[in-house]
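All remarks here apply to the structure that follows.
The values are calculated or read from the model by the stated rules, or taken from the named source; none is laboratory data. Small disclaimer: the values here were computed from a predicted structure and weren't measured. Neighbour counts are summed over all protein chains in view; Cβ atoms, including those assigned to glycine, are modelled from backbone coordinates with ideal geometry. Ligands, DNA and RNA are excluded from the accessible area calculation, which covers all protein heavy atoms including side chains. Shrake-Rupley method; radii C 1.70, N 1.55, O 1.52, S 1.80 Å.
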Amino acid sequence: MATTRVVMPQLGESVHEGTISKWLVKPGDKVVEFEPMLEVDTDKVSAEVPAPVTGILKEILAKEGQTVQAGAEIAVVELAAAGEAANRSGDGKVTATPEAAPSPTKVGAQIEREERVHAAPGAQGRGEGQTTEPAPAVLETGEHRYSPAVQMVADELKVDLSGIHGTGLGGRVTKKDVQEFAAKAKQAPAPTSAQAPRAAPAEGDEVVQLTRVRRLIAENMVRSKTTIPHAWQTQEADMSGVVASRSASKAAFQKQEGFSLTYLPYVMAAAISALREHRHVNATFNETELIVHRDINLGISVGLEDTLVVPVVRKADSLSIAGLARAVNDLASRARSKQLKADELAGGTFTVNNSGTFGTLFSYSVINPGQSGILTMEAIVERPVAVNGMIGIKPMMYLCFSFDHRVLDGLQAARFLTSCRKWLEAVSLETPLY
């Protein structure tokens with residue numbers, strides 16, 4: 001019976017490894033081509049990886065929590081007898097011809113198919129039609145096996161390989177393991193008596209291991225708060241025009257587009273207009289210089305049950321309100337179904353957050369490293385306000401702006417926030433959606 005060795009796919013141009021967060025099938029289960037087989041976390045995205053073929057999962061080579069290089073083998077699938085077209089090559093490998101091309105919206109695992117040949121006990125070398133298992137990370141003598149590339153990096157960085165826990169397949173030490181070990185050793189402060197001891201769980205406490213994505217979020221948040229001097233401002237916007245525009249358009253919009261029109265695209269449009277006017281807000285602080293970006297690539301915070309992702313609407317300044325709504329709906333839908341690509345989470349120049357959906361009134365959001373600010377729209381609440389000496393009830397919303405004080409002073413931040421507020425307050429029934 002022919003088998004398929006499933007390998008870790010590359011989940012983005014700049015992504016070279018992934019951590020297996022969860023296997024959705026177990027050995028002995030049937031797997032169906034293009035249906036989810038496992039979940040993989042990377043530095044940028046969490047994605048479901050579909051099965052490349054239909055068959056029976058025979059063996060899992062990379063366990064949950066293991067970090068695997070792209071192209072490394074992670075599982076063995078015994079092919080279904082029917083419907084598989086295979087051609088034997090001269091070296092004994094069997095390459096199957098899939099019946100249908102992979103769906104472009106799913107990240108497919110790459111595969112290498114081979115015919116299973118059982119070698120006689122004590123047989124050595126590679127004869128025709130035989131396969132070889134990967135060299136073990138630890139030999140029977142207890143000595144570790146390292147690749148020449150890993151040994152070269154270790155020599156350059158003066159790192160003792162015996163002290164490194166490998167994250168590669170089978171516990172192998174990778175180049176990245178060596179580089180990260182050296183970087184941590186260099187940055188780690190000398191222990192002092194003032195450092196708090198690690199907390200120990202009390203009886204009855206539950207210990208929940210952090211996922212790779214949650215650890216990365218924690219690292220990014222710490223990096224942001226320790227390297228970016230945050231400052232914060234807020235202004236209150238009269239949303240009467242926006243509420244009226246949405247109410248008048250939402251039925252026709254729902255019928256034409258197939259999803260609901262929310263307030264978020266209006267706030268995104270306000271931010272884009274203000275970013276055009278105040279270009280230095282759309283910038284990156286680069287130690288000795290300020291990089292002012294030409295394109296406005298707007299990151300949109302999408303909260304999931306166990307994590308937060310910020311997919312990017314590229315060249316958002318070229319889109320209408322309806323176009324922004326379509327982009328957000330597409331990215332948010334694929335984020336929830338774990339179908340985002342890693343490259344769709346990179347390259348943002350500014351971020352808009354919509355925590356007001358959950359009723360918040362004042363949010364102090366953390367700035368994404370590499371950006372100069374994040375704008376948060378809060379809940380729209382009807383409350384009494386003074387209008388021409390009279391008391392009126394209006395739908396009001398706070399706009400909250402966290403900004404990098406190295407890039408912006410209070411005056412520039414206030415001008416940006418004022419431009420956002422004025423754009424929203426100028427919306428009327430005549431404001432075009434398309």
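List of remarks:
- Near ILE391, once Lys and Arg are set to +1 and Asp and Glu to -1 for all other residues with Cβ below 13 Å from its Cβ, the sum equals +1.
- For SER21, nonlocal amide neighbours, meaning residues 5 or more places apart or on other chains whose placed amide H falls under 5 Å from its own, are GLU39, VAL40, ASP41, GLY65.
- Applying the Karplus relation 6.51 cos²θ - 1.76 cosθ + 1.60 with θ = phi - 60° to segment 232-237 yields 3J(HN,Hα) values of 8, 9, 9, 9, 9, 10 Hz, where x marks Gly and Pro.
- Whole-number D in µm²/s for segment 290-340 (Stokes-Einstein; Kirkwood sum over Cα pairs; 37 °C, 0.692 mPa s): 278 µm²/s
- A simple rule links phi to the HN-Hα coupling: the Karplus curve 6.51 cos²θ - 1.76 cosθ + 1.60 with θ = phi - 60°, which for segment 72-78 gives 7, 6, 10, 6, 10, 10, 7 Hz, with x for Gly and Pro.
- Once the gyration tensor of the Cα atoms in segment 195-345 is diagonalised, the equivalent ellipsoid follows with semi-axes of 33, 24, 16 Å, ordered largest first.
- In Hz, Karplus ³J(HN,Hα) per residue of segment 213-221 (6.51, -1.76, 1.60; θ = phi - 60°; x = Gly, Pro): 5, 5, 5, 5, 4, 4, 5, 5, 5
- Added length on full extension, which subtracts the Cα-Cα distance from 0.36 nm per residue, LYS186 to ARG276: 28.2 nm
- Segment 319-423: C-alpha gyration tensor shape, a/c 1.5 cut-off, then a/b vs b/c: oblate
- Anisotropy class of segment 258-352 from Cα gyration tensor, a/c 1.5 cut: oblate
- 26 Å Cα-Cα reach of LYS30 towards lysines, excluding residues that sit fewer than 8 places from it in its own chain: LYS22, LYS58, LYS63, LYS93, LYS106, LYS338
- Positive contributions from Lys and Arg (+1) and negative ones from Asp and Glu (-1), summed over other residues with Cβ under 14 Å from the Cβ of LEU433, come out at +2.
- Restriction of the trypsin sites (Lys or Arg not before Pro) in segment 373-427 to DSSP coil positions whose beta-carbon has at most 16 other beta-carbons within 10 angstrom yields ARG406.
- Per-pair calculated FRET efficiency, R0 = 45 Å: SER333 and GLU206 via Cβ, rounded to 0.05: 0.90
- When the residues TRP423, TRP232 are ordered by accessible surface, computed with a 1.4 Å probe over the protein chains alone, the sequence from largest down reads TRP232, TRP423.
- Scanning residues 5 or more positions from LEU304 or on other chains, those with amide H under 5 Å from its amide H are VAL309, with H placed 1.01 Å from N in the peptide plane.
- Anchor LYS225: lysines whose Cα lies under 26 Å away (excluding residues fewer than 8 positions away in-chain): LYS44, LYS176, LYS184, LYS186
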